[in-house]
Each structure stands twice: as C-alpha cells, then as structure tokens.
1. Note down the nm distance, to one decimal, between modelled labels 7 Å out along Cα→Cβ at Asp7 and at Leu45.
2. Spin-label point model (7 Å from Cα, Cβ direction): what's the Ala33 to Ala223 distance in nm?
3. Quick one: net charge of Asp50's neighbours, Cβ under 15 Å, K/R +1, D/E -1?
4. Under 1.5 on a/c is rounded, so check that first for the stretch 124-226, then, if it is not, pick prolate when a/b is larger than b/c and oblate when it is not; a ≥ b ≥ c are the square roots of the alpha carbon gyration tensor eigenvalues.
5. In sequence order, what are the phi-derived ³J(HN,Hα) couplings for the stretch 124-130 according to the Karplus relation 6.51 cos²θ - 1.76 cosθ + 1.60 with θ = phi - 60°, rounded to whole Hz, with x for glycine and proline?
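Rule-based calculations on the coordinates, nothing more; no lab input. Everything quoted here is computed from the prediction, not taken from an experiment. In this analysis, Cβ positions are derived from the backbone assuming ideal geometry, glycine residues included, and neighbour counts consider all displayed protein chains.
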Amino acid sequence: MTLPDLDDLIAEVDRTCGTAHRPGGQEQPDWLALLTAAAGVSGQLQALADDLVEDYVEHCRMHGCSWTDIGTALGVTRQAVQQRFHAPHKRYAPENMTDGLRQAMTHVKRAAVQHRNNYIGTEHLLWGLTAEENSATRLLSSAGASPAEVHRRVGARLSMGASQAAERIAWTPYSRKAMAIAEERAEEAGSARIDCDHLLLGLARIDRGVAVAVLSEAGADTAALGGGGVEAAGLPASDA
C-alpha cells in the first residue's frame, strides 16, 4: 500500500472543499475555507492513525505484553501509555439493555469462553445477535440477508484461542465503538434501553472488523443498515 504524500493530500483538500475556488479563476481562492477542509482531512487521518495504534496495543495486551514493553515499543513511558490506552471504557449495565439484548449478550460471552478468546470482537457480537430471533435478525432480513446464513458464516470465523480466564475478557476497540453507536441510536429513537437492532446498526456503521465483512459476504445491504432501524424499515417494535 502506498501512503499518500503531501501533494495527494492537497489534491484531496481541493476536491472536498467546494467553496475554495472562485468562479473563472479571477480571484484568490478562499484560503480560510481551504484551511478548514485541510483541518478536516488532518483530523480524519489522525483518528485513523490512532485507531491503528490502539488496535495493535489491544492485541499486544491480549497476548500478554506488559505496559512497559508496549511503552518501549512506542517510545514512551509505561505511565504515558497506560494513561493513553488504559482509560476505563464505559460499561453497559444489564438494566440499560432490553431483554433481547441481554439474551444476545449471554451468547456473546459464551462464544468467547467456548473458543477460549480473552476478547470480545465484532464477530462475537454478531454471533450473539444472530443466535436467536430478535430485532437484529428482523432487521437483517429486511436488509436482504438470512440471519441463519450470517450466523453460520460468522461462526466459521471464530477461532480457538488459549485463554483460561473468562473473567478477563475485554472488548476490542471496534466492539466498544459499535456499542457506543448503538447507545446513540437508542437515544435518537427515544428508547431508554439499547436493543439488538441498535447494536447491529453500530456494527454496520463502523464499517470495519470481522462483523461487517461477514454481513457483506452474506448479502446484507450494509449501507441501508447504517442508516435505518426497525422503525425505518417498518418492522414491529422491539421489546424495549
């Protein structure tokens, strides 16, 4: 993969900034508009770079690397790397979930434990969401995918690990982001609790990870999933 150079990034700023150039080329371009667009591109690159490093830090921790070793690899102190990457993430209590999502979460945890995985990835979440009928499976059907086929495909992606410590199972960055999006979707829908379809939408919205790859393979319209829910699809209300 060839990384973009400065000329590539400047061209992207010019392309995305629709108000940057004056008609006819008679006047100076709108430099402030270009600066705003450049800051936006820079922010996207920084967020992607942060995601890249965070993903590998998570994998290092999963495979037993110490915070001291990780800090050395990144050229910073153990304290600095812990402050950056070990901030406690929000935990979602059962009372914040519908009955359907709580049931799905039991399947999620069971999949991780049975496969001796010391992490919960997007594949585990999708496995749990498709283990039995709920608002997520109904939404999948409306998006053109068979929930049973999705469940089979994601099951084939689950691999055996070597973890024996079920109580130490941690969520990966993509899984945490999917859950955060699910909470936002629940709030937008006026629901006090997060449901299965909200989490499915979160998995589709991040557009990265095993789950979204499986959804695409199974024929789900991930673009539609990213923009709607059971209400938008005209499906029955969830058990919120």
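1. 1.5
2. 2.7
3. 0
4. Working: a/c = 1.74, a/b = 1.17, b/c = 1.49.
It comes out oblate by the Cα gyration axes.
5. Here the 3J(HN,Hα) series is 5, 5, 5, 4, x, 5, 10 Hz.
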